[in-house]
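The values are calculated or read from the model by the stated rules, or taken from the named source; none is laboratory data. Predicted model only: the values in this text are computed from it and were never measured. With ideal geometry, Cβ positions are generated from the backbone for all residues, glycine too; neighbour counts draw on all protein chains shown.
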Amino acid sequence: MATPTPTKTPVEKSKRSHSHHHRSRDGSSFSSSLSRFEAYNRLQAAAVAFGEKLPIPEIVALGGQSDGKSSLLEALLGFRFNVREVEMGTRRPLILQMVHDPSALEPRCRFQEEDSEEYGSPVVSASTIADIIKSRTEALLKKTKTSVSTKPIIMRAEFAHCPNLTIIDTPGFVLKAKKGEPENTPEEILSMVKSLASPPHRILLFLQQSSVEWCSSLWLDSIREIDPTFRRTIVVVSKFDNRLKEFSDRWEVDRYLSASGYLGENTRPFFVALPKERNTISNDEFRRQISQVDAEVLRHLHDGIKGGYDEEKFKPYIGFCSLREYLESELQKRYKEAAPATLALLEQRCSE
């Protein structure tokens, strides 16, 4: 009954996906998308009430501690909540249930209670969100006398500027434990991440910063152990603007973008750069800066590289906007595929 695992889509399919998303930015399509998302959530909740464990379409974000995972999550949410400040200290998975709600002009965030399935009161302050994540982590680790816990923190975010996505953010891979932590903390984190990423219905979102060469990647082999052929892995090269400065000719940039020889012929990485400014800015300004960085990267590839680059082959994989649309389309597809089996199971249980 597990949902089919995703395969890498060719450029043509990606282009169709992109055009579909541009068309779907009207109100009726948004309403339809939200209705599907909420309907599947209700189906899932009903199935869980019957004691069933079903493969929920989800994305697992994984990567090293400095590979830009926290910045990507904030960009997907469409607002900052200082997640970077707690990332170094968090040792629990964070499940972000993003719900696109056109009426939520400001983010509405609620945390699921630690010992029940009920959600608490809305959290408004961005700093409060970070404080809750940090305090809950510290309290649980103190109670269990462990350095890492697999028990997730669950946050539901409703916002007009976030997509319908469920992402499991995992603690970043580390080479050595922090001061005061057990020496086996890196192994504990790796074991936890592998456990979260192993269910075949989950899509893996693997981040690696652009300064790292594929041949010397610290974590690529760990991802291969989970998903040997990258059938359900989406690779994201983060901080792409840092690497962009090194290219001058088309052959250099095309060779880099192809990642040939390391990821296989059917795996196309996405290349993403995000705003570096960490000063306090409005949510609107944050999203404007994200779009601006996307535009600057594409402009540099087109005008700043001698001969440009292979736009037909690589443009669908450049920029945060391309990645966001691809992720949303993949999850929507999986919700649609999972719904009939879930409904059939419920009908079977009700007739028993």
Subset of region 258-292 [more than 19 Å from the chain's Cα centre (by Cα) and hydrophobic (A, V, I, L, M, F, W, C)]: Ala259, Leu263, Ile281
Number of the condition not met by Ile153 [criteria: (1) in contact with a Cys (Cβ under 9 Å, 6 or more places away or on another chain); (2) in contact (Cβ under 8 Å) with a residue 24 or more places away in the chain]: (1)
Unique residue being without any contact (Cβ under 8 Å) to a residue 40 or more places away in the chain, closer than 26 Å to Lys306 by Cα and out of contact with any helix residue (DSSP H, G or I) (no Cβ under 8 Å at 6 or more places or on another chain) when the list is Arg243, Arg255: Arg255
From the options Phe320, Phe314, Phe270, residue that is among the aromatic types (Phe, Trp, Tyr), touching a residue at least 12 places away in the same chain (Cβ under 8 Å), under 21 Å from Ser71 (Cα atoms) and out of contact with any strand residue (DSSP E or B) (no Cβ under 6 Å at 6 or more places or on another chain): Phe320
Conditions (1) surrounded by 19 or more Cβ atoms within 10 Å (Cβ to Cβ); (2) within 25 Å of Phe320 (Cβ to Cβ); (3) among the charged types (D, E, K, R); number of the one not met by Asp227: (1)
Some residue of region 321-339 being closer than 19 Å to Glu74 by Cβ, surrounded by 12 or more Cβ atoms within 10 Å (Cβ to Cβ) and in contact with an Asp or Glu (Cβ under 6 Å, 6 or more places away or on another chain): yes
Test: Ser248 is surrounded by fewer than 15 Cβ atoms within 10 Å (Cβ to Cβ), in contact with a strand residue (DSSP E or B) (Cβ under 7 Å, 6 or more places away or on another chain) and modelled with pLDDT of 90 or more: yes
Answer from Ser222, Ser195 - the residue that is closer than 30 Å to Leu244 by Cβ, polar (S, T, N, Q) and part of a helix (DSSP H, G or I): Ser222
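Can you tell me which residues in region 198-211 are touching a residue at least 40 places away in the same chain (Cβ under 8 Å) and assigned to a loop (DSSP other than H, G, I, E, B)?
Answer for region 198-211, where residues must be touching a residue at least 40 places away in the same chain (Cβ under 8 Å) and assigned to a loop (DSSP other than H, G, I, E, B): Pro199, Pro200, His201, Ser210.
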Where Asn266 falls short, out of the listed (1) outside any helix (DSSP H, G or I); (2) in contact with a Leu (Cβ under 7 Å, 6 or more places away or on another chain): (2)
Residue list for region 160-192, restricted to those being farther than 30 Å from Tyr256 by Cβ and assigned to a strand (DSSP E or B): Thr166
Hits in region 199-229 (condition: farther than 19 Å from Lys69 by Cα and among the small types (Gly, Ala, Ser)): Ser216
Enumeration of residues in region 172-192 that are under 30 Å from Asp241 (Cβ atoms) and either more than 20 Å from the chain's Cα centre (by Cα) or small (Gly, Ala, Ser) (or both): Gly172, Leu175, Lys176, Lys178, Pro186
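Can you name every one of the helices (runs of 4 or more DSSP H) wholly within region 18-125 that holds 1 or more residues which are modelled with pLDDT of 70 or more and surrounded by 13 or more Cβ atoms within 10 Å (Cβ to Cβ)?
The helices (runs of 4 or more DSSP H) meeting that bar are 27-49, 69-77.
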Test set (1) exposed (fewer than 15 other Cβ atoms within 10 Å of the Cβ); (2) at pLDDT below 90; (3) not β-branched (Val, Ile, Thr) - Ser191 fails condition number: (2)
Residues of region 302-334 classified as in contact with a helix residue (DSSP H, G or I) (Cβ under 7 Å, 6 or more places away or on another chain) and under 17 Å from Val237 (Cβ atoms), total: 13
Unique residue being free of Cβ contacts under 8 Å to residues at least 12 places away in the same chain, surrounded by fewer than 20 Cβ atoms within 10 Å (Cβ to Cβ), touching an Asp or Glu at 6+ places or on another chain (Cβ under 9 Å) and over 27 Å from Glu328 (Cα atoms) when the list is Lys176, Lys142, Lys134: Lys176
Those residues of region 305-340 which are assigned to a helix (DSSP H, G or I), out of contact with any Leu (no Cβ under 8 Å at 6 or more places or on another chain) and among the small types (Gly, Ala, Ser), in sequence order: Ser322, Ser329
